[in-house]
Amino acid sequence: MKRTKIYEADDKMIELIRDNYSVLQGLGAFGISLGFGDKTVREVCDRQKVDCYTFLVVVNFIINGYQPNEKDAKISVGTLMTYLHESHKYYLDYQLPSIRRKLIDALNPDNNLTPLIIRVYDEYAQSIKLHMKYEEKTLFPYVEALMRGEQMSNYNVDVFSKHHGETTRKLQELKGIIIKYLPDNGLTNHQLTATLYDLYNNEEWLKNHSQVEDEIFIPAIRVQEERLKSEGLTARLSNIITQGQNSDAVSEREKDIIRCLIQGMSNKEIASHLYISVNTVITHRRNIVRKLQIHSLAGLTIYAIANDLIDKSCFPKL
């Protein structure tokens, strides 16, 4: 049984391509130009400003099915964005029109099936365009916002996943029509065979592209989303603690009120416990909110723990 090779940064780029010529289609999408001599993968990537780690993750996934860790924070979302965006341009601007021209040249214009076959191809091409345009207009701007440290409250990568459906059904239908019902002469047979070969390669390319999105890009976005959520929570807690570090901001009586609140007491119970009126309790509570800008019981609890107003052992899960 042939042993699967996992390519590494010190392997020569030319050897990687010799072993797997299909990688050539993806080099341009990464921004890697030919003419790199005998340089290693790392040297080529560094020279052409491509994240080497991410490049190898994608290459080893496509070639060997090597599954990356879903929580791998070393994967560069920016590099993946460039790769996918340029892959879209290659596919929409070159691949689809090129195959259409070959298909037209190979089909007999007098055959009644010709316009129907072209229509099936155009419907397939349109479905691919719509999907890729959706990514360009919706997903990619969202990811760019994440990379700037922003996160939309009404969108996440799972919304994209729901739109990422199967787009190859019409292509399979087209191949079936050509194989079953055409051609009608020797020249047409050769031309259609060549075009069919392109269609099969096209299908394989699209499959790899979709899998990179599903298995590498989407998990990398989830890591980015989780990181931002974590940073946002840290910032909020830091803000609460910073506000609480000014001991003059909250009076001793207000600290008593906070202790009572986080024990679950009502205004009436607090008034009875501290021997003050309910109106006084309400006034103190308003002052606490104004001074600390904390509106929730959880926030007050965090403030109390951070400023040693209560025993932390009472809240072991915090």
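Across segment 1-155, Cα-Cα pairs more than 20 Å apart make up 62 percent of the total. Using R0 = 30 Å, the C-beta based FRET efficiency linking Ser277 and Leu297 works out to 0.85. For Glu144, the accessible surface of its heavy atoms amounts to roughly 90 Å² (probe 1.4 Å, protein chains only, rounded to the nearest 10).
Set the bar at 27 Å for Cα to Cα. Now go through Lys5/Lys102; Lys5/Lys207; Lys12/Lys175; Lys207/Lys229 and name every pair that lies beyond it. Cα-Cα > 27 Å for Lys5/Lys102; Lys12/Lys175; Lys207/Lys229; rest within.
Quickly rank 280-292, 51-63 as a protection proxy: mean count of other C-beta atoms within 10 Å, highest first. Walk me through the numbers before you get to the answer.
On the way: 280-292: 16.3, 51-63: 20.8.
Highest mean packing first, the order is 51-63, 280-292.
Give me the distance between the Cα centres of segment 253-278 and segment 51-93, rounded to whole Å. One Cα centre to the other: 58 Å.
In the complete set of protein chains, residue-level accessible area for Met265 is approximately 50 Å², probe 1.4 angstrom. Rounded to 0.05, the FRET efficiency of the Asp46 and Ser22 pair, given R0 = 35 Å and the Cβ-Cβ distance, is 0.90. So if I take the alpha carbon set of segment 11-87, get Rg, then get Rh from the Kirkwood formula, what is the Rg over Rh ratio? A ratio of 0.93. For segment 73-129, the per residue solvent-accessible surface stands at 50 Å², with DNA, RNA and ligands left out and a 1.4 Å probe. Our coupling estimate for segment 82-94, obtained by passing each phi through the Karplus curve with A = 6.51, B = -1.76, C = 1.60 and θ = phi - 60°, is 4, 4, 5, 4, 5, 5, 4, 4, 4, 6, 6, 8, 10 Hz, Gly and Pro reported as x.
Within the accessible surface of segment 9-55, defined with a 1.4 Å probe on protein heavy atoms only, the carbon and sulfur portion equals 47 percent.
The values are calculated or read from the model by the stated rules, or taken from the named source; none is laboratory data. Because the structure is a prediction, the values reported are computed rather than measured. When we count neighbours, we look across all protein chains shown, and the Cβ atoms used for this are built from the backbone with ideal geometry, even at glycine. Note: accessible area is taken over every heavy atom of the protein model, side chains too, but ligands, DNA and RNA are not part of it. Shrake-Rupley method; radii C 1.70, N 1.55, O 1.52, S 1.80 Å.
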